[in-house]
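Below: the structure, in structure tokens.
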Amino acid sequence: MALCLDTHCHLDADEFGLDRDAMIARAAQSGVSGILLPAVRAKDHLSVKNLTHQAAQLMPASCYTLGIHPIFTPEAKEADLELLRHAVIEALDDPRFVGIGEIGLDYFLPDLDANHQSFFFEKQLDLAEEFNLPVILHVRRSQDAILKALRSRKIIGGIAHAFNGSFQQAEHFIKLNFVMGFGGAMTFPRALQIRRLAKDLPFESIVLETDAPDIPPAWLAKQISHRNEPAELPQISSVLAEIRSTSIGQTQTICANNALRVIPRWATLLAQLPLSKD
């Protein structure tokens, strides 16, 4: 059985509040081996940890990262950075903690102050550099600014989540040991740029993700409730397999190995699990 990893799932989202246990069970039954749950606020560090350990009972390869999402920077204070730092130090003893994220810049939403979110992004990159941790990046319309910030530091790598930049920008991320996350957006036939990237980028630079409950795939978009969830990942992987002219199993395995390569603590976790020997 192929290793199928959802590299970006907001398991703690309110949208899952009524059926989170059932959603986890559906994901496991569909063949998802594990999810990466990225925190979005510093104060969520305990709930994110606890939910990840809960999910791991059915999806043993599950892990989490800690960080402050750019969309939540308007409410963030400098004290949150100190809280985050203490949470990271404590989490280093937890094998399911694997990095810093979700962090980044969002130049799509007009109400976000560029300088304010940049301050929190830069401080969290410093944290990742200090503890030699990879980062999960939010790069919406901000790829060049993020690349500039990365080049000024020694970040070990990570994932550019929901990547929708240019081929040239992707190449720059690859040189910095980053891989690109592809999910529901890729399943729309009219998403020509994303599908072109999914086809032409080196296969070793691609990972699978859902961004659940957001970015639903094409087959959910017309439903009244088009909430995305990790159980959709195997079908999303089948779309990537078709685009790349490979098998579903091979696609899942390659993408999982790519994620483990850029997130070393995740690879260490997997090496300790029975499923890694299958």
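The values are calculated or read from the model by the stated rules, or taken from the named source; none is laboratory data. These numbers come from a predicted model, not from an experiment. Reconstructed Cβ throughout: ideal geometry from the backbone, glycine too, with neighbour counts over all protein chains shown.
The residues of region 11-39 that are crowded, with 24+ Cβ neighbours inside 10 Å and over 21 Å from Val135 (Cβ atoms), listed by number, are Ile24, Ala27, Val32, Ser33.
Of all residues in region 153-166 being assigned to a loop (DSSP other than H, G, I, E, B) and touching a residue at least 60 places away in the same chain (Cβ under 8 Å), which is farthest from the chain's Cα centre (by Cα)?
In this case the residue turns out to be Ile156.
Yes or no: region 197-219 includes at least one residue that is free of Cβ contacts under 8 Å to residues at least 12 places away in the same chain and surrounded by fewer than 17 Cβ atoms within 10 Å (Cβ to Cβ). Scanning region 197-219 turns up no residue that is free of Cβ contacts under 8 Å to residues at least 12 places away in the same chain and surrounded by fewer than 17 Cβ atoms within 10 Å (Cβ to Cβ). Yes or no: Asp214 closer than 21 Å to Ile248 by Cβ and either in contact with a Gly (Cβ under 8 Å, 6 or more places away or on another chain) or charged (D, E, K, R) (or both)? So Asp214 does not fit the description; no.
Quick one: would you say Gln252 is surrounded by fewer than 21 Cβ atoms within 10 Å (Cβ to Cβ) and either assigned to a helix (DSSP H, G or I) or touching a Phe, Trp or Tyr at 6+ places or on another chain (Cβ under 7 Å) (or both)? The answer is no for Gln252.
Checking Ala221, Ala185, Ala212 one by one, the residue that is out of contact with any strand residue (DSSP E or B) (no Cβ under 6 Å at 6 or more places or on another chain) and modelled with pLDDT of 95 or more is Ala185 and no other. Within the set Leu260, Leu270, Leu240, the sole residue that is in a helix (DSSP H, G or I), in contact with a Gly (Cβ under 9 Å, 6 or more places away or on another chain), within 24 Å of Ile174 (Cα to Cα) and modelled with pLDDT of 95 or more turns out to be Leu270.
Quick one: would you say Ser33 is polar (S, T, N, Q) and under 24 Å from Ile103 (Cβ atoms)? Here the answer is no, as Ser33 does not meet what is asked.
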